[in-house]
Amino acid sequence: MAEAATAERHEFQAEVSRVLDIVVNSLYSKREIFLRELISNASDACDKLRYEAQLDSTLIADDGDLKITITPDEKARTLTVADNGIGMSRQELVENLGTIAGSGTAKFAAKLAEAEKDKAKKEKSDVSLIGQFGVGFYAAFMVAESVTVTSRRAGSDEAWRWMSDGHGSFEIEPVEGEMPRGTTIVMKLKKDAKEFSEETRIRHIITTYSDHIGLPVWLHADGKSEQINEAAALWTRPKSEISDEQYQEFYRHVAHGFDEPWMTLHNKAEGVVTYTNLLFIPSRAPFDLFDPARRHGVKLYVRKVFITDECEGLVPGWLRFLKGVVDSEDLPLNVSRELLQANPVVARISKALVKRVLSELKKKAEKDPEAYTEFWNAFGQVIKEGIYEDHERRDELLKLARFKSTAVEGITSLDDYLSRMKEGQSEIYLLTGDSAATMKQSPQLEAFRARGIEVLLLDEPVDEFWTMSADAYEGKSFTSVSRGDIDLSAIGGEEEKDEEKKDAAPEGELSALIAMVKLALEKQVKDVRESKRLTDSACCLVVDEGEMNMRLQKMLKATGQMNQAGQQILEINARHPLIKALADKAKDGSSREIEDMAFLLLDQAKILEGEPPADIAAFARRMSAAMAKAVG
Ligand code: ADP
Ligand code: MG
């Protein structure tokens, strides 16, 4: 290199600086996890090289023994982690180690931004968040006062050095002379982190955290070198030889997860397709579960060679919480990542995986309902997407689904709902809304409550969608209690039926009232009719059979996918004192007064739906007039 080797200074991206500030200042008790992060990166780098070398063998050249070498040096107070993997070019060093590129770190930064909004919580959350997400490479600054990364990318003969003390900026410079391929990270340890230059300490950490790594990890100290792990990828080992701790560490490695896996699925399938899966269901939902840009959680390997973690066809979107590894022997090693999507072997593996996951979930639901409830609370929303996306599995997924309901604390399955159905009941009743607590107050539920009929309370946005497409379970159709004409007359005892006819406004007066209200609200509602749903409230809004639920209409309007609200129907309760009084009035035909009352009824029903009156000023004027009259 002709140019003088002067270092170039770069500022860290603002988010990186934030992360670094916290890392540097944290007194996080498990600082040793920095080593797991660095080993994890070194192992990823070797995986990448192995994959790229399938397409271009010159990349690996004569240095085919991929490995990680760790060198503690007590005298110099340094720790060095080196790999002969893919390496980084100058640009990659700047991008990967100066901006937020890594998934783990990105999560951490996003979570920080969220915590930032809530200053009070901030102090506490910062530190615990490190434990939760990990900060990837930047974790090195928990123990190092300065970090030097030297790297030469496979296929290039330029090497670069990256240096930083973690305070706002880093420097980068070319390295003269021959450099081995890959990346070497030297940490000058902080005074209080001296322990990480001690051989015994480091040996212990590596055995705890990196035993599952499928790559030899060498410990180099006092002029001696020793391989200290088995270097057999965990999923290739027999189940009986794997401890819970090893599974757990592997989970942390592949999933960037810092919780415990809720379920571990380790199987070897031999049949139509041959593959091994080591999959985990996390116990906590990641905060980016609904972020379309999030990375896939399942890595595809072919005969132990990492191929991709972006194989869309491998796991359906509604199982996107799965983490882990699938290793197949039926795919060619040089399979193109681009064509994987349409690969029939991948499709077959996917089908088998889905089947396995669902059957394990079913077993768990039967054996340990409490644990299953935890799973469902974390990932049920995602599974519900499958109910409308995967027609073939709809019934199976409905069986696994759990819902809130008027009859139970907590959640219930549909099978349990069916077992509680009333004599004469042939439908599964449901209500959708923003929260179960508000829904419980809904006027639409009154008649159901009076007859002791259970109603499912669906409070997640996804419920609007699957309920549109799924029409029945075990031959019982899903019926929204706020839609269509509800007829409960076939359900329940005679007593309740008699109750219904009692005390209602006389039919003639009622139809006069309905006609007048209809006229007044002609432009506001599609229809006005007597309600069979109400027992206590005066009125409520419903939609017609085949119309979208009011909440879905609202959601689509809010996102601009629909510009006009569908037509709603105002139902009035003929046994309510107000309606009876109005009906009595309607007989003499004082339509002006009825008109104001009609609007007040509609506005009231709207408010019960969580919507403001259409014309707030008019609402206030009418309300005041009515009140003045009542007092006066
Ligand atoms: P993550 O591993 O989640 O992507 P990290 O902060 O650990 O996040 O690493 C950021 C990026 O830096 C990695 O994605 C990788 O591209 C690059 N990197 C880190 N360490 C190495 C290494 N030893 N060899 C090659 N690239 C590396
Ligand atoms: Mg990493």
Open item on the list: For region 520-578, give me the residue count where each residue is outside any loop (DSSP other than H, G, I, E, B), open to solvent by less than 70 Å² (accessible area, probe 1.4 Å), within 17 Å of P613 (Cα to Cα) and touching a residue at least 40 places away in the same chain (Cβ under 8 Å).
Closed with: 10
Open item on the list: For the list (1) within 24 Å of F258 (Cα to Cα); (2) buried (at least 21 other Cβ atoms within 10 Å of the Cβ); (3) touching a strand residue (DSSP E or B) at 6+ places or on another chain (Cβ under 9 Å), I need the number of the one condition that T308 fails.
Closed with: (2)
Task: Residue pairs meeting the criteria (Cβ under 6 Å; at least 6 apart or on separate chains; first surrounded by 19 or more Cβ atoms within 10 Å (Cβ to Cβ), in region 343-357; second in a helix (DSSP H, G or I)) - done: V346/L340
- [ ] Filter region 44-58 down to residues that are of a type in the set (A, V, I, L, M, F, W, C) and within 12 Å of ligand 1 (Cβ to nearest atom), then give me how many there are.
- [x] 3
Task: Single condition V315 does not satisfy, out of (1) under 23 Å from W262 (Cα atoms); (2) outside any loop (DSSP other than H, G, I, E, B) - done: (2)
Task: Options S197, S210: the member that is more than 16 Å from ligand 1 (Cβ to nearest atom) and open to solvent by less than 40 Å² (accessible area, probe 1.4 Å) - done: S197
Task: Sole exception among (1) out of contact with any helix residue (DSSP H, G or I) (no Cβ under 9 Å at 6 or more places or on another chain); (2) open to solvent by less than 40 Å² (accessible area, probe 1.4 Å); (3) of a type in the set (S, T, Y) for S624, by number - done: (2)
Task: Out of E389, E385, sole residue that is open to solvent by less than 50 Å² (accessible area, probe 1.4 Å), under 24 Å from R551 (Cβ atoms) and of a type in the set (D, E, K, R) - done: E385
Open item on the list: Every residue in region 6-58 that is open to solvent by less than 80 Å² (accessible area, probe 1.4 Å) and hydroxyl-bearing (S, T, Y), please.
Closed with: S17, S26, Y28, S40, S43, Y51
Task: Selection status of F170, within 38 Å of the chain's Cα centre (by Cα), of a type in the set (F, W, Y) and part of a strand (DSSP E or B) - done: yes
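So if I check each of A61, A76, A2, which one is surrounded by fewer than 19 Cβ atoms within 10 Å (Cβ to Cβ), modelled with pLDDT of 90 or more and more than 9 Å from ligand 1 (Cβ to nearest atom)?
Details: A61 fails: modelled with pLDDT of 90 or more; A2 fails: modelled with pLDDT of 90 or more.
None of the other options fit; the residue is A76.
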Open item on the list: Quick check on this structure: which one of H266, H220, H204 is surrounded by 15 or more Cβ atoms within 10 Å (Cβ to Cβ) and either outside the structural domain of V345 (by TED's automatic domain parsing) or in contact (Cβ under 8 Å) with a residue 60 or more places away in the chain (or both)?
Closed with: H220
- [ ] Could you please give the count of residues in region 17-48 that are assigned to a helix (DSSP H, G or I), within 16 Å of ligand 2 (Cβ to nearest atom) and of a type outside the set (V, I, T)?
- [x] 15
- [ ] Output the number of the condition that M163 fails; it satisfies all remaining conditions of (1) over 24 Å from D63 (Cβ atoms); (2) at pLDDT below 95.
- [x] (2)
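The values are calculated or read from the model by the stated rules, or taken from the named source; none is laboratory data. All figures in this text were calculated on a predicted structure; none of them were measured in a lab. With ideal geometry, Cβ positions are generated from the backbone for all residues, glycine too; neighbour counts draw on all protein chains shown. Side chains included, ligands, DNA and RNA excluded: accessible areas come from the protein's heavy atoms. Shrake-Rupley method; radii C 1.70, N 1.55, O 1.52, S 1.80 Å.
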